[in-house]
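This report refers to the structure that appears directly beneath it.
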Amino acid sequence: MEQQIKRIAVLTSGGDAPGMNAAIRAVVRTAAKSKMEVIGVQKGFHGLIEGDFISLNKNDVSDIIQRGGTFLYTARCDEFRTLEGQKAGAAQLKSAGIDALIVIGGDGSFEGARRLKELGIRVIGIPVTIDNDVACTDYSIGFDTAVNTAMDAIDKIRDTSSSHERVSIVEVMGRGAGYIALWCGIANGAEDILIPEMFDGNMPALIDRISSHVIETRAKGKTHHIIINAEGIGHTYEIAKAIQDKTGVGTRATILGYLQRGGSPSAKDRMLASLMGAFAVEELAEGRVDEIIAVHEDKIVGYPITEALNMFKDVEPFMYRVSGLMVR
Ligand code: F6P
């Protein structure tokens, strides 16, 4: 029988994403109902190593559900990749009498959580990343807001692209994953969508293919040509120049960058952050530990952390096929 959990800690780690605050709020409010004390760890695993702890009650999480970013701050912590760093973090939790840690973040953060589990710390992960690339879950909090932010920006780029009869290549975030690019590509009605999952690494062939497509769309009388490029492919400025050189059509590059990570979370992100945050605490209250919370077939579930981190996720083939139908 698991020891009863009375005192939990929560931290946000890795790249921030809209909905992190809503998830912290749900954790704190649900814990209060279960008579659990909540400790906020500031600045992710860096703050864990340093023992940068604050007490959190319901008042501390009022007026944050609508705010982007994370009020607990976040960090990418190289020290926590070392066993010494992990041991220092585990020691801080033990000496503060904390029974379990909730990690809000992506795959890299969950790898940190798994290391803590190996050192005897009970953990739960809540997937929050604009990249939507956490393998065990159909959906990661923050993705919907980021896609909508990028989509709005790309609509604006399309206006000026059409006025000048130019080609525009827009790079969106996603690290090694093409979900933001694929969604924006379809939602923005792009002419080409470039995602790392479908890129064989042959850049000259890619440039030839897009350039021919640009010439083809011009011949059909199109005055704009929007290309969405995923960060995982990159080289956006070089691709723009090569297309302009090959086609003679004015081509501009835009890298959307960090604006995709900010902003007030969408209703979907607030909702899923609230559901997943509450679910995480209820799992702990019922003695279920060492899990990653996930969305599977529209239900909130928990997977054992080791199993979750061994899962693999790829773009939905039908969605990719539709993207092909929509762009040609
Ligand atoms: O994981 C979220 C993300 O925004 C990725 O899309 C991007 O590659 C990365 O973070 C950027 O990280 P950093 O904030 O460390 O520059």
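Quick notes
- Within the set Ala219, Ala253, the sole residue that is farther than 30 Å from Val123 by Cα and either aromatic (Phe, Trp, Tyr) or crowded, with 20+ Cβ neighbours inside 10 Å (or both) turns out to be Ala253.
- Restricting segment 124-146 to residues that are surrounded by fewer than 24 Cβ atoms within 10 Å (Cβ to Cβ) and more than 10 Å from the ligand (Cβ to nearest atom), the residue that is nearest to Ala91 (Cα to Cα): Ala135
- Check on Ile193, within 13 Å of the ligand (Cβ to nearest atom) and either in a strand (DSSP E or B) or buried (at least 24 other Cβ atoms within 10 Å of the Cβ) (or both): no
- Among the residues making up segment 155-184, those that are within 16 Å of the ligand (Cβ to nearest atom) and part of a helix (DSSP H, G or I) are Tyr179, Ile180, Ala181, Leu182, Trp183, Cys184.
- Extreme residue, farthest from the chain's Cα centre (by Cα), among residues of segment 249-281 that are in a loop (DSSP other than H, G, I, E, B) and of a type in the set (Gly, Ala, Ser): Gly250
- Scanning segment 219-248 for residues that are assigned to a strand (DSSP E or B) and either of a type in the set (A, V, I, L, M) or without any contact (Cβ under 8 Å) to a residue 60 or more places away in the chain (or both) yields Ile226, Ile227, Ile228, Ala230.
- Cβ-Cβ distances below 9 Å connect the following pairs, each with a first residue in segment 69-86 that is closer than 24 Å to Ile141 by Cα and of a type in the set (Lys, Arg), a second residue that is assigned to a loop (DSSP other than H, G, I, E, B) and modelled with pLDDT of 95 or more, and a separation of six or more residues or different chains: Arg76/Ser13; Arg76/Gly14; Arg76/Gly15.
- Pairs, first more than 16 Å from the ligand (Cβ to nearest atom) in segment 7-35, second outside any helix (DSSP H, G or I) and among the aromatic types (Phe, Trp, Tyr), C-beta under 6 Å, six or more apart: Asn21/Phe71
The values are calculated or read from the model by the stated rules, or taken from the named source; none is laboratory data. Keep in mind that this is a model prediction, so the values were computed, not measured. Virtual Cβ from ideal backbone geometry, glycine too; neighbours counted across all protein chains shown.
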